[in-house]
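The values are calculated or read from the model by the stated rules, or taken from the named source; none is laboratory data. Not measured: the values here are computed from a predicted model. So basically every Cβ, Gly included, is an ideal-geometry build from the backbone, and we count neighbours across all protein chains shown. Heavy atoms of the whole protein, side chains included, go into the accessibility calculation; ligands, DNA and RNA do not. Shrake-Rupley method; radii C 1.70, N 1.55, O 1.52, S 1.80 Å.
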Amino acid sequence: MKKIINIFGILWSVLLVACGDFLEEYPRDLQYVNSISDLSELLVGDGYMISRETGQYEDEGETTIASWIHLMDDDVQLSSRPSYLGSMGNALYLGYYEWLKLPSTSENGTVENDEVWSGLYEHIASLNVILDEVEAFQDAGADYHRVKGEALFLRATYYFWLVNLYAEPYVAGSAATDLGVPIKVSAEVEDKDFVRDPVAEVYGLMVEDLSEAISNLKGVVQPSVYRANESAARALLSRVYLYMGEWEKCDKQCDTIMQAAYRLQDLNALASGSSMLSSKSPETIFSMGEYRLNAMVGWNSKPTYAMSADLEDAFSNQANDLRYQFGIEINSYGNYPSKFKKWSDGGVSDCNLVRYAEVCLNKAEALAMLDDDKGAREVMHSFLATRYRAGGVPDIATKTGKDLVNFIWNERRLELCFEGHRWFDLRRYSVSPKYPETKPIRHEVRVKDSGIAYGYYELEAYPNGGWVLPIPTYELQFTDGNMVNNERPAPVYVEYE
């Protein structure tokens, strides 16, 4: 079947809409489609994030990826000689590091636009059009299912980021009334002010999209890890279920992935100087988007941000933990992550990377929460054997209950640090239906270049403190107050005497 889609009139109407309403936008480069191949190309161009490395002095315009997420948790601190490189927005990112009420406030006090919100909704708008138009090509068979499955996976991915950045963490008892983010699944331009849909509805959409993506991607073999497959959709669904406390469903998804060809990379066999993270790794299921970490947390001899002392202490078995050997660079200004060393090693994102190690940790946590301590220990034993030197593997034979869960959570922190998980994990631990655990975070502030410490900001333990980002000002203005903002308190600031 051949269909020509002329959207000139729709595009013209969008150009008349105020630039702030990204929820109403229609993709501006989607003019004519006459085959499933055209939709596949649009999927790559408008649906997926650009995959590339962005260096210290580069900013090529891809701002959708929330690289500043690394700066809000307890794994990071300012280095002893911070340089605040402005070219990559490091000075701007201080507002996230300090949990300001408006975190996009730059060092000079200017409030910049939050490009993540707008960028994610722009991707969603493109995916909505693709999902609408792909139905005209059902006779394309396998290609129809592949394009539809990829688009559904990507839409769920973007809503996952939106609801976990701009809404409260999922709590089963209140998710039906807790404000989430606006849901837009129609390709049509709608003349209305969008409001925030409940957290439960956003999670419900993600589950629905991912379940349908799994069905459509079954049997699809992709040309690279930069295109989503069935295992990628199942892995993200396992994460969503884990966040929801649906542990049996999480375990089921992990079991299915474990029947695929992925395996843990044994770090005992990894050559010195190799990257732990790589598109070529047997652990890598999917990657999308930029790698920006080197431009913020560690660069040459003067990293602006460095690994925190708290994370350093969490690596309690540094002599035997191979992740410390391969993944941490020792520097006089502050240690920093080096799990991924250069793009030519096989570039992957520092935020949108899905790998088999997370699947193992998801399963172990789900089993422990289900009181299957033996099953959880078996999963962790196999995992730990690939992460520690022979003879130095932690003994977990007697760990049960909360003690076992805490061990799994710590291993998750060590394994997934600086991959975009820790901030979300701290939020969900705070509302865990079985073992809730909260903690405040302190971020010390220093004089640029000299490194003299003059005070610290403290993020109070959840539910106090700025654990939810504000809705961007431009969206609030455009909706004339119909979009309810998050009440984000100012951070606690203490100046040294």
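Residues in the range 29-65 that are in contact with a helix residue (DSSP H, G or I) (Cβ under 8 Å, 6 or more places away or on another chain) and at pLDDT 90 or above: 35, 36, 37, 39, 40, 42, 43, 46, 47, 48, 49. When 404, 426 are checked against the criterion of being out of contact with any helix residue (DSSP H, G or I) (no Cβ under 8 Å at 6 or more places or on another chain) and part of a helix (DSSP H, G or I), 426 stands alone in meeting it.
Selection over the range 316-368 of residues that are polar (S, T, N, Q) and more than 19 Å from residue 420 (Cβ to Cβ) gives a count of 9. For the range 477-496, the count of residues that are in a helix (DSSP H, G or I), open to solvent by 10 Å² or more (accessible area, probe 1.4 Å) and over 30 Å from residue 316 (Cβ atoms) is nonzero.
Does any residue of the range 175-189 turn out to be modelled with pLDDT of 95 or more, touching a Gly at 6+ places or on another chain (Cβ under 6 Å) and either of a type in the set (A, V, I, L, M) or not in a loop (DSSP other than H, G, I, E, B) (or both)? For the range 175-189, residues modelled with pLDDT of 95 or more, touching a Gly at 6+ places or on another chain (Cβ under 6 Å) and either of a type in the set (A, V, I, L, M) or not in a loop (DSSP other than H, G, I, E, B) (or both): absent. In the condition set (1) of a type in the set (Gly, Ala, Ser); (2) more than 19 Å from residue 428 (Cα to Cα); (3) within 15 Å of the chain's Cα centre (by Cα), residue 235 is compliant with all but (2).
Residues of the range 96-125 that are part of a loop (DSSP other than H, G, I, E, B), at pLDDT below 90 and either of a type in the set (S, T, N, Q) or surrounded by 17 or more Cβ atoms within 10 Å (Cβ to Cβ) (or both): 104, 106, 108, 110, 113, 114. Can you name the residue in the range 290-312 that is at pLDDT 90 or above and under 23 Å from residue 358 (Cβ atoms) and is also surrounded by the most Cβ atoms within 10 Å (Cβ to Cβ) among such residues? The residue in question is 307.
Tallying residues that are hydroxyl-bearing (Ser, Thr, Tyr) and surrounded by fewer than 17 Cβ atoms within 10 Å (Cβ to Cβ) within the range 186-213 yields 2. Of the residues screened, residue 462 is one that is open to solvent by less than 50 Å² (accessible area, probe 1.4 Å), farther than 30 Å from residue 264 by Cβ and not in a strand (DSSP E or B).
Here the range 454-474 is the region considered, the condition is being among the aliphatic types (A, V, I, L, M) and over 14 Å from residue 98 (Cα atoms), and the residue that is modelled with the lowest pLDDT is 471.
When 267, 242, 277 are checked against the criterion of being in contact with a Cys (Cβ under 8 Å, 6 or more places away or on another chain) and open to solvent by less than 50 Å² (accessible area, probe 1.4 Å), a single residue qualifies: 242. The number of residues in the range 249-266 that are charged (D, E, K, R) and within 18 Å of residue 381 (Cα to Cα) comes to 4.
Just a yes or no: is a residue in the range 274-284 in contact with a strand residue (DSSP E or B) (Cβ under 8 Å, 6 or more places away or on another chain) and either over 26 Å from residue 224 (Cα atoms) or of a type outside the set (S, T, N, Q) (or both)? Checking the range 274-284: at least one residue is in contact with a strand residue (DSSP E or B) (Cβ under 8 Å, 6 or more places away or on another chain) and either over 26 Å from residue 224 (Cα atoms) or of a type outside the set (S, T, N, Q) (or both).
Scoring residue 363 on the criteria (1) within 18 Å of residue 415 (Cα to Cα); (2) in a loop (DSSP other than H, G, I, E, B); (3) of a type outside the set (A, V, I, L, M, F, W, C); (4) in contact with an Asp or Glu (Cβ under 8 Å, 6 or more places away or on another chain) leaves a single failure, condition (2).
Close contacts from the range 95-109, counting a first residue that is touching a residue at least 60 places away in the same chain (Cβ under 8 Å) and a second that is basic (Lys, Arg), with Cβ to Cβ under 8 Å and a gap of 6+ residues or different chains, come to 101/488. Residues of the range 327-373 that are surrounded by 24 or more Cβ atoms within 10 Å (Cβ to Cβ), farther than 26 Å from residue 157 by Cβ and touching a helix residue (DSSP H, G or I) at 6+ places or on another chain (Cβ under 7 Å): 368 alone.
The condition of being within 18 Å of the chain's Cα centre (by Cα) and under 19 Å from residue 337 (Cβ atoms) holds for only one of 274, 287, that being 287.
Residue-level analysis places residue 407 among those that are among the hydrophobic types (A, V, I, L, M, F, W, C), touching a residue at least 24 places away in the same chain (Cβ under 8 Å) and open to solvent by 10 Å² or more (accessible area, probe 1.4 Å). Determine if the range 203-225 includes at least one residue that is touching a strand residue (DSSP E or B) at 6+ places or on another chain (Cβ under 8 Å) and not in a helix (DSSP H, G or I). So far as the range 203-225 goes, yes, one or more of its residues are touching a strand residue (DSSP E or B) at 6+ places or on another chain (Cβ under 8 Å) and not in a helix (DSSP H, G or I). Of 390, 319, 376, all but one fail to be open to solvent by less than 10 Å² (accessible area, probe 1.4 Å) and of a type in the set (Gly, Ala, Ser); the exception is 376. What pairs come out if I take residues in the range 430-452 that are touching a residue at least 24 places away in the same chain (Cβ under 8 Å) and pair them with residues that are of a type in the set (A, V, I, L, M, F, W, C) and open to solvent by 60 Å² or more (accessible area, probe 1.4 Å) whose C-beta lies under 8 Å away, six or more apart or interchain? Matching pairs, first to second residue: 433/172; 446/452.
Among (1) assigned to a helix (DSSP H, G or I); (2) touching a Gly at 6+ places or on another chain (Cβ under 8 Å), which single condition is residue 249 missing? Going through the list (1) assigned to a helix (DSSP H, G or I); (2) touching a Gly at 6+ places or on another chain (Cβ under 8 Å), residue 249 breaks only (2).
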